[in-house]
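The structure appears right after this line, and notes come after that.
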Ligand SMILES: Nc1ncnc2c1ncn2[C@@H]1O[C@H](COP(=O)(O)OP(=O)(O)OP(=O)(O)O)[C@@H](O)[C@H]1O
Ligand SMILES: Nc1ncnc2c1ncn2[C@@H]1O[C@H](COP(=O)(O)OP(=O)(O)O)[C@@H](O)[C@H]1O
Ligand SMILES: [Mg+2]
Ligand SMILES: [Mg+2]
């Protein structure tokens, strides 16, 4: 069981991409922002790509303008720099279309109702666009030298694994047999199609109406030119994620669900040959007075209550007893996780009383991450 | 009286748990209840500790008052084939669609269609008759999270816009009619934390703009403070009297040190800050003017016993 040394990680000039992942609400965005700030204040040129920051955190990072490009964060000390941006999924998708299709084709695609559905609500598009944006930022970093460290937050998926699977799902949907078949009539003679397809097409026609089917076909035909590019870029970004310049940080809270997800995720990264730096166990309850156990604290409170003495002390003792129960439960789960993953470096971050919503809070989390 | 209860909330706030507890609470009043999940996650099976549910309604619990809870995991693909067969008598053609990947494609690329099917199934179950009376007294839906609940419930309105006439239009109108009527209530689950509360407020606004009715806000995982308001105020101001604390600890037989006194006061301050945040969030919820139900944090986690306790809190 080793300690995760995050200062060494962010100080290592060979590390150029850090990805925070984990299940929803565990602190991925917070960790990404805190590490970004710390790295910048230690002299690196950092860009943080956040996905869904809490409102007040977004404000403190200056993420009020949603223009899908990184902006300098005000109030950062030291001689590095910190830029931050919030992912606009639809806009990223639109930009891809605009950049890779002829103007007429792009216009056709952007106005198509199926494109609108796909780009704004297809499960997985957000994950895919996060990858796309990472690819773009990386290219820009290499070309311009604006940044030497990219920190990427991942979407609030119900399961941490969605992040790795989504691009494949989207790509295979776009390359799938059915889309190919829909394309066929636009390209080749109908008679080449099997009876099954013919039947399928006529049913679709009957149910969806001719207009809808035409829309799908136009969309598919227009999109066709993009398929190759989509796939190639996704593969490139995935390859980038396997390089030693990348470090994955899995974030988990000391709850069974989140730890289970973290286990799956670390295992999956191993299978995918993706470099795992370690696991951040976030929001772990701590106490400075662990010598006073929950049981003894509660017994002491009861003693005071029975004797009708100092209700204030009794209340504080009850509070401490609750806290100690939580401390024991959190550490039990955290320790079990560590024992089950001895080769994975971990670091524990205490649960703060307040939410993390300004640079001071982020600095504090940064200190805890590297303590 | 409302018979269709739709439970939503930010991810991880306890939608599945609350839906299950609500179903048990209704069964406890002797009702025959159907608990439905629509996200293909087998959350109900997990929470009741039974094998994964097939696309069939089956009994999973019995209420004390003679009521029963049935569960159903709706599968969009199966529902699509069922639907096509019902309206178009497809038979073999339905299989052909499945074979070329059309079903998969359509339900994936057009999330709206998925929602049409899922809400369609909920509608069918809610109004189903058996032996001349309603098959279920109540239907509880473990619905998609707040980020997707508006489009999910409103999808039939969109369909009605697309299909001007015909059976699809009629079905869409009927579903929308039920969802907007007295029969349906939407319950929002939240924690007293910034992000879930913000999502709740946004969702209430969005749902009401769609003419949908909010039933209640369920504040989940509530903890009661052992400190009264006076103690909380002292704690926030870091004015817990060290002398009284020292004396109190001695009287309680605890080995006192300066550090212990300082730590207990600091823990009280942190706690009071948290409570302050929770109260701010609670005020934002109360300002909505909706019915609020509190469910206590179950320190040992959720098992069958904890679900029954939560069900009792529901009944008040
Ligand atoms: N009142 C409670 N006391 C203690 N634990 C709870 C309570 N309510 C829910 N939980 C726990 O919180 C976790 C999340 O609950 P649940 O799965 O019901 O949320 P959900 O909103 O359905 O999540 P998802 O968005 O992933 O579907 C579970 O581990 C559950 O056991
Ligand atoms: N160590 C911590 N102590 C206290 N609050 C925290 C801590 N880490 C995260 N939070 C809070 O938890 C909430 C969820 O964190 P967030 O980073 O948005 O999670 P995720 O990105 O994984 O969904 C935020 O309100 C954040 O301020
Ligand atoms: Mg996040
Ligand atoms: Mg759930």
Next on the checklist: If I fit a long axis through the Cα atoms of helix B:167-180 and take the longest principal axis of the Cα atoms of chain B, what angle between them do I get, 0 to 90°, rounded to 10?
Outcome noted: 20
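Rounded to the nearest 500, what is the protein assembly as shown's calculated 222 nm mean residue ellipticity when only DSSP H runs of at least 4 contribute -39500 (n - 2.57) each, over all residues?
Taken over the protein assembly as shown, the calculation gives -18500 deg cm²/dmol.
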Checklist entry - What is the Cα coordinate range of the range A:14-55 on the first, second and third principal axes, sorted by size from largest, in whole angstrom? => result 30, 22, 13
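For chain B, count the residues as N, evaluate 2.2 N^0.38 Å, and divide the Cα radius of gyration by that value, please.
Values: Rg = 24.0 Å, N = 316, 2.2 N^0.38 = 19.6 Å.
Rounded to two decimals, the normalised Rg is 1.22.
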Checklist outcome for this item: Cα pairs beyond 21 Å in the range A:30-142, in percent, come to 43
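If you take each beta carbon of peptide B:250-260 and count the beta carbons of other chains within 10 angstrom, what is the mean? Each step should come with its number before you reach the end.
Numbers: counts 2, 8, 15, 5, 10, 3, 0, 2, 0, 3, 5.
That works out to 5 on average.
Please arrange B:224, B:304 by counting, for each residue, the other beta carbons lying within 10 Å of its beta carbon, fewest first.
Numbers: B:224 9, B:304 13.
Ranking B:224, B:304 by Cβ neighbours within 10 Å, fewest first, gives B:224, B:304.
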Item to check | the range A:1-84 pair-distance distribution - Cα-Cα, 5 Å bins, rounded % | outcome: 3, 14, 26, 24, 19, 10, 3, 1, 0
Checklist outcome for this item: For chain B, longest principal axis from Cα atoms; helix B:76-88 axis from its Cα atoms; angle between them, nearest 10 degrees, is 30
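What ranking do A:318, A:260, A:169, A:38 get, fewest neighbouring Cβ atoms within 10 angstrom at the top?
Working: A:318 21, A:260 14, A:169 17, A:38 25.
Final ranking by Cβ density, sparse to dense: A:260, A:169, A:318, A:38.
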Checklist entry - How long is the protein assembly as shown along each principal axis, judged by its Cα atoms, biggest number first, in Å? => result 93, 72, 43
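Among DSSP bridges having both ends in the protein assembly as shown, what percentage is antiparallel? Round to the nearest 5.
So the antiparallel bridges amount to about 10 percent of the total.
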Item to check | Evaluated at q = 0.14, 0.15, 0.16 Å⁻¹: base-10 log I(q)/I(0), Debye formula over Cα of the range B:225-287 | outcome: -0.45, -0.50, -0.56
Checklist outcome for this item: With Cα coordinates, the longest principal axis of chain B makes an angle with the long axis of helix B:111-127, in degrees rounded to 10, of 90
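Would you please put A:59-65, B:188-194, A:238-244 in order of how densely packed they are, using the mean number of other Cβ atoms within 10 angstrom per residue and starting with the highest? Don't skip to the end; give the middle numbers.
Numbers: A:59-65: 16.7, B:188-194: 23.9, A:238-244: 13.6.
So the peptides A:59-65, B:188-194, A:238-244, ranked by packing, come out B:188-194, A:59-65, A:238-244.
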Checklist entry - Say R0 is 60 Å: what FRET efficiency, to the nearest 0.05, do residue B:46 and residue A:79 get from their beta-carbon distance? => result 0.70
Checklist entry - Does the range B:1-89 come out rounded, prolate or oblate, given a ≥ b ≥ c as the square roots of the eigenvalues of its C-alpha gyration tensor, rounded meaning a/c under 1.5 and, failing that, prolate meaning a/b above b/c? => result prolate
Checklist entry - According to a simple spin-label model (label point 7 Å from Cα along Cα-to-Cβ), what is the distance in nm between residue B:258 and residue B:233? => result 3.0
Checklist outcome for this item: Shielding of B:10-21 by other chains, given as the mean Cβ count within 10 Å, works out to 2
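We did not get these values from a lab; they are worked out from the coordinates using the rules stated. Since the structure is predicted, the reported quantities are computational estimates derived from the model, not experimental observations. Positions of Cβ are generated from backbone atoms using ideal geometry, with glycine treated the same way; all protein chains shown enter the neighbour counts.
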